[in-house]
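Taking it in order: structure first as structure tokens, then the write-up.
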Amino acid sequence: MAIIEFPKDIRWGAATAAYQIEGAATKDGRGLSIWDTFSKTPGKVLNGDNGDIACDSYHRYEEDIELMKELGIDIYRFSVSWPRIFPTGTGEVNQSGLQYYHDFVDALLANGIEPMCTLYHWDLPQALQDKGGWENRETVDAFAEYSDLMFKEFDGKIKKWITINEPWCVSFLSNFIGIHAPGYQNLQLATTISHHLLLAHGKAVTKFRESGLTGEIGYAPNLEWNEPYSNKQEDIDACNRGMGWFIEWFFDPVFKGSYPQFMLDWFEKKGVTLSIQDGDMAFIHQPIDFVGINYYTGSVVRYKENHELFDNEKVDIGYEKTDFDWNIYPEGFYKALSKLKDQYGQIPIYITENGACYNDGVENGRVKDQRRIDYLKQHLTSLSRAIDSGVNIKGYLTWSLLDNFEWAEGYDKRFGIIHVDFNTLERTKKDSYYWYKQTIKNGWFDM
Ligand SMILES: N#[N+]C[C@@H]1[C@@H](O)[C@H](O)[C@@H](O)[C@@H]2O[C@H]12
């Protein structure tokens, strides 16, 4: 067997998000979010599930923190529910919402766990959506106002900030593919929103820098790896378009100051234009302290004329799949991280999400999720290989600490290393929890 070892200073953590775990959807002045609306729209979420209760972490966070402490993580990524702070998105602040996050963050710190705070993990205040949501540039300014308040309110307590989680999901998955809130299917709308999200990121970074507060700030794009089916140029180009949707489209503006021309050209062919106002790119392109990478899967891709958005198709060559039917593709993790290093240099990277959906249940008080352990071993091996090749990895946070509300899949898809019974809300540590705990303690594992 091979020993896979990690640098002694790597951070080990876990991640969640507000709408997926908190519940208490109408408690203590919280306003409605687009996911409250979407999840209660018939047919949008499997089994009609919603986040009204979720894991009830709003009331049970002390138990969750005990589980984190036992696990041995030293950093925990969570998100703030924007409508818990600004019930209508701007204007009057909900002090109860601020107090909740103060109590939560204080409890993390008291247990030696550093908070990594995501400001936007998809739960846009419905009141802002009613005024056009991310298509409306006023939402960009509202996000900057919300971010500025959070920076100042939690100065000294939170020192790692993530502006936007997975802008590709917020823009294209939610407004072109349409399976996430608010559920539109309009490529021009989605592309406009992708720009406004990056602008919102940039304006929040500006607020952070202007505040002079201590800490680091970044964003958390997601990416999939596309492997060309052959070395034919048409297959290579088809792959690059598919990956360009995730990588160059959301990285070039931040790290190079402009959108990738090959993607602009392709979108123009599809009748999509990008309206960039003077000064936008300067906001977007300003330096950040780290980038969070969310990686789950990859695919073999080939050219297919006039097929879908990028004239390409995924080819099933028999990769094992998770219970979400996603390819298990750890090689893609290494290749994607290497591509980022080659294209964007030595940006500090936190793996802010990596994990797998396996729906193993509790049997005699135990959850035997060996498939999740195997997934984590494979991907941490790829991560170790990336570190050895010089990729500037600062930490690894698995998705997720808890089984939780998996968006359009509701509670049907389980990503946690801790099982949650959504009837009783009882937490059960899975075998993968114990494996991850030992790996964190050792700083290595036996492949
Ligand atoms: N699906 N899936 C699991 C996971 C989702 O639960 C997170 O909220 C997202 O940031 C990202 O999509 C990844």
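The values are calculated or read from the model by the stated rules, or taken from the named source; none is laboratory data. Values in this document were obtained by computation on a predicted structure and should not be read as measured data. Glycine gets a Cβ as well: all are built from the backbone with ideal geometry, and neighbour counts include every protein chain shown.
Listed values, structure above:
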{"item": "Sole exception among (1) more than 27 Å from GLY244 (Cβ to Cβ); (2) touching a Phe, Trp or Tyr at 6+ places or on another chain (Cβ under 9 Å); (3) within 16 Å of the ligand (Cβ to nearest atom); (4) not hydrophobic (A, V, I, L, M, F, W, C) for GLY443, by number", "result": "(3)"}
{"item": "Scan of region 15-61 for residues that are hydroxyl-bearing (Ser, Thr, Tyr) and within 13 Å of the ligand (Cβ to nearest atom), ordered by number", "result": "THR16, TYR19"}
{"item": "Members of region 324-366 that are over 21 Å from LEU397 (Cα atoms) and either within 15 Å of the ligand (Cβ to nearest atom) or among the β-branched types (Val, Ile, Thr) (or both)", "result": "ASP325, VAL362"}
{"item": "Any chance PHE262 is aromatic (Phe, Trp, Tyr) and in contact (Cβ under 8 Å) with a residue 60 or more places away in the chain", "result": "no"}
{"item": "Among (1) more than 16 Å from the ligand (Cβ to nearest atom); (2) part of a helix (DSSP H, G or I) - the single one VAL391 does not satisfy", "result": "(2)"}
{"item": "Residue in region 100-108 that is closer than 23 Å to ALA220 by Cα, β-branched (Val, Ile, Thr) and out of contact with any Leu (no Cβ under 7 Å at 6 or more places or on another chain) present", "result": "yes"}
{"item": "Tabulated pairs, region 109-130, first at positive phi, second modelled with pLDDT of 95 or more and more than 16 Å from the ligand (Cβ to nearest atom), C-beta under 9 angstrom, 6+ apart or interchain", "result": "GLY112/LYS69; GLY112/ASP74"}
{"item": "Extreme residue, surrounded by the most Cβ atoms within 10 Å (Cβ to Cβ), among residues of region 126-158 that are assigned to a helix (DSSP H, G or I) and among the basic types (Lys, Arg)", "result": "ARG137"}
{"item": "Cβ-Cβ under 7 Å pairs, at least 6 apart or on other chains, region 88-105 side among the hydroxyl-bearing types (Ser, Thr, Tyr), far side part of a helix (DSSP H, G or I) and exposed (fewer than 15 other Cβ atoms within 10 Å of the Cβ)", "result": "SER96/ASP28; TYR100/ASP28"}
{"item": "Selection from region 251-280 of residues that are part of a helix (DSSP H, G or I) and more than 17 Å from PHE310 (Cα to Cα)", "result": "PHE251, ASP252, PRO253, VAL254, PHE255, ASP280"}
{"item": "All positions within region 401-447 that are over 17 Å from ASP374 (Cβ atoms) and without any contact (Cβ under 8 Å) to a residue 40 or more places away in the chain", "result": "ASN423, THR424, GLU426, ASN442"}
{"item": "Which listed residue, of ARG84, ARG77, is touching a helix residue (DSSP H, G or I) at 6+ places or on another chain (Cβ under 7 Å) and buried (at least 23 other Cβ atoms within 10 Å of the Cβ)", "result": "ARG84"}
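A quick yes/no check of all residues on (1) under 18 Å from the mean Cα position of the chain (by Cα); (2) part of a strand (DSSP E or B); (3) surrounded by fewer than 21 Cβ atoms within 10 Å (Cβ to Cβ); (4) of a type outside the set (D, E, K, R):
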residue: GLU331; (1), (2), (3), (4): no, no, yes, no
residue: ALA336; (1), (2), (3), (4): yes, no, no, yes
residue: GLN343; (1), (2), (3), (4): no, no, yes, yes
residue: LYS368; (1), (2), (3), (4): no, no, yes, no
residue: ILE373; (1), (2), (3), (4): no, no, no, yes
residue: GLN378; (1), (2), (3), (4): no, no, yes, yes
